[in-house]
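Peer 1: Take this structure, written in structure tokens, and hold onto it; I'll ask about it next.
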Ligand SMILES: Nc1ncnc2c1ncn2[C@@H]1O[C@H](COP(=O)(O)OP(=O)(O)O)[C@@H](O)[C@H]1O
Ligand SMILES: [Mg+2]
């Protein structure tokens with residue numbers, strides 16, 4: 001049989017590219033991995049990493065489309081193609097950097113432009129949905145290997161929230177027999193994975209804790225008239241003062257209190273949410289930024305206390321937010337009993353972590369292995385997530 005999978009199945013290990021561009025819309029994380037095996041005994045080695053930032057107009061186009069009020073099918077169509085080609089550019093650079101001719105497989109998350117995890121009334125029925133764009137055909141065409149994309153929708157079809165998706169790979173890579181492991185990612189949104197010592201996949205708890213950098217980023221853009229996209233090193237927030245009344249109001253948040261499984265996004269913590277913060281009172285913008293930074297930390301701490309069966313000894317932080325010392329300071333203050341560590345402190349690469357997850361999820365899809373974590377997404381049963389482009 002001539003099917004491309006037959007050749008890939010026979011290989012003892014495969015070169016798999018993982019591509020991630022998250023809700024921050026900062027750019028594309030591209031990682032080259034060597035994956036050996038599949039399922040519970042999978043081994044992964046990181047061979048190279050490339051980050052390709054989006055230029056300002058592309059970022060603006062993504063954020064505008066995410067807002068849902070601007071942009072129609074023309075934009076969805078054109079931006080989908082534009083992103084598909086940018087993914088291909090990122091992979092070309094990655095392969096150049098690593099001196100690699102051709103990958104065996106690519107896993108591409110795509111760019112979420114809409115995510116509706118709640119049942120929503122529509123055309124006389126209720127439904128949910130998720131849309132990732134960035135056409136994988138451009139990757140398949142250029143690199144001549146299978147590309148797995150559109151992971152989330154299959155979990156949704158099985159009754160899940162389509163998020164979070166990293167718990168399955170975190171279970172594969174980080175679970176310990178002897179200690180509880182808690183992993184917090186701080187991207188646009190914050191999400192936590194709790195892996196009790198010796199747990200099975202069914203015993204993993206994972207959910208979005210609330211905003212990661214999303215609210216802070218929006219405030220920084222307003223504070224700097226769009227010249228800065230994020231609070232580099234947390235310096236701006238460090239120069240502000242937390243407004244206790246506003247922080248209390250933010251903590252009184254229906255999303256926080258909801259029991260997992262749960263997921264959130266720009267639809268909840270986007271521009272409209274920031275408008276409400278600004279309308280709270282006549283405060284300096286840096287103080288509102290300091291408060292939003294404290295809120296990200298407090299929401300993580302609150303969720304951990306409320307939803308973990310016991311506090312872990314360590315919380316390992318990844319994602320762009322782990323580069324914000326002001327945020328980490330607030331987190332340490334809110335969780336004095338827990339040791340807060342970054343991936344870098346453990347000798348791991350936090351930037352590549354989510355991209356590695358999509359390489360692994362693609363590898364599982366290649367073998368027809370279920371790759372969602374129903375305990376995290378709420379799906380009725382395990383499914384194989386991912387559409388395959390040959
Ligand atoms: N040096 C830094 N200082 C402070 N914040 C940073 C730094 N680097 C990145 N970030 C934050 O991390 C975000 C990107 O995080 P990332 O993990 O890529 O999120 P996503 O998965 O949503 O793209 C940026 O928008 C910014 O808010
Ligand atoms: Mg990113």
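Peer 1: Which ordering of 145, 77, 66 is given by a fewest-first count of other beta-carbon atoms within 10 Å?
Peer 2: 77, 145, 66
Peer 1: For the stretch 282-388, what is the Kirkwood hydrodynamic radius in Å, using each pair of distinct C-alpha atoms?
Peer 2: 16.5
Peer 1: Please give the FRET efficiency for residue 43 paired with residue 174, using the beta carbon to beta carbon distance and R0 = 22 Å, rounded to the nearest 0.05.
Peer 2: For residue 43 and residue 174, the calculated efficiency is 0.95.
Peer 1: Need one number: convex hull volume per residue for the stretch 68-166, Cα atoms only, in Å³.
Peer 2: Enclosed volume per residue, from the Cα hull, is 124 Å³.
Peer 1: Let me ask you something else. Counting only Cα, what are the radius of gyration and maximum Cα-Cα distance Dmax of the stretch 195-329, in Å?
Peer 2: Using the Cα atoms of the stretch 195-329, the pair Rg, Dmax is 15.5, 51 Å.
Peer 1: Here's a follow-up. In Å and on Cα atoms, what radius of gyration and Dmax does the chain show?
Peer 2: Over the chain's Cα set, Rg and Dmax evaluate to 20.2, 70 Å.
Peer 1: If you average over every viewing direction, what projected area does the convex hull of the Cα atoms of the stretch 290-333 give, in nm²?
Peer 2: 3.2
Peer 1: If a paramagnetic tag sat 7 Å from the Cα of residue 197 along the Cα-Cβ line, which residues of the stretch 146-179 would have the backbone N under 12 Å from that point?
Peer 2: Correct set: 176-179.
Peer 1: Grab the beta carbon distance between residue 241 and residue 311, set R0 = 41 Å, and tell me the FRET efficiency rounded to 0.05.
Peer 2: That gives a FRET efficiency of 0.90.
Peer 1: Further question: In 5 Å bins starting at zero, report the fraction of Cα pairs in the stretch 118-157 per bin as a rounded %.
Peer 2: 6, 19, 18, 17, 14, 10, 8, 7, 2
Peer 1: Also, quick follow-up: Would you kindly compute the Cα radius of gyration of the stretch 130-258 and its largest Cα-Cα separation (Dmax), both in Å?
Peer 2: Rg, Dmax (Cα atoms, Å): 19.0, 56.
Peer 1: Additional query: Mind checking the angle between helix 353-366 and the chain's longest principal axis? C-alpha axes, 0 to 90 degrees, to the nearest 10.
Peer 2: 40
Peer 1: Give me 150, 135 ranked fewest to most by other Cβ atoms within 10 Å of their Cβ, as a rough exposure proxy.
Peer 2: Least to most surrounded, the residues fall as 150, 135.
Peer 1: If you rank 114, 122 by fewest surrounding Cβ atoms within 10 Å, what's the result?
Peer 2: 122, 114
Peer 1: Efficiency by 1/(1 + (r/R0)^6): what FRET value for residue 56 and residue 89, r their Cβ-Cβ distance, R0 = 22 Å, to the nearest 0.05?
Peer 2: 0.85
Peer 1: Follow-up question, since we're still on this one. Using only helices, what value at 222 nm comes out for the chain when you add -39,500 (n - 2.57) per DSSP H run of length 4 or more and divide by the total residues, to the nearest 500 deg cm²/dmol?
Peer 2: Result for the chain, helices only: -11500 deg cm²/dmol.
Peer 1: What Kirkwood radius, in Å to one decimal, follows from the Cα pairs of the stretch 1-87?
Peer 2: About 15.5 Å for the stretch 1-87.
Peer 1: What share of all Cα pairs of the stretch 188-271, in percent, falls into each consecutive 10 Å distance bin?
Peer 2: Once binned at 10 Å, the Cα pair distances of the stretch 188-271 give 15, 37, 31, 14, 3.
Peer 1: Please provide three numbers in whole Å: the alpha-carbon extents of the stretch 1-155 along the principal axes, with the largest listed first.
Peer 2: Here the Cα extents, ordered largest to smallest, are 50, 36, 28 Å.
No value in this document is a laboratory result; all are computed from the given coordinates. Fair warning: this is a prediction, and the values are worked out from it, not measured in the lab. Every residue, glycine as well, gets a Cβ built from its backbone with ideal geometry; the counts of neighbours run over all protein chains shown.
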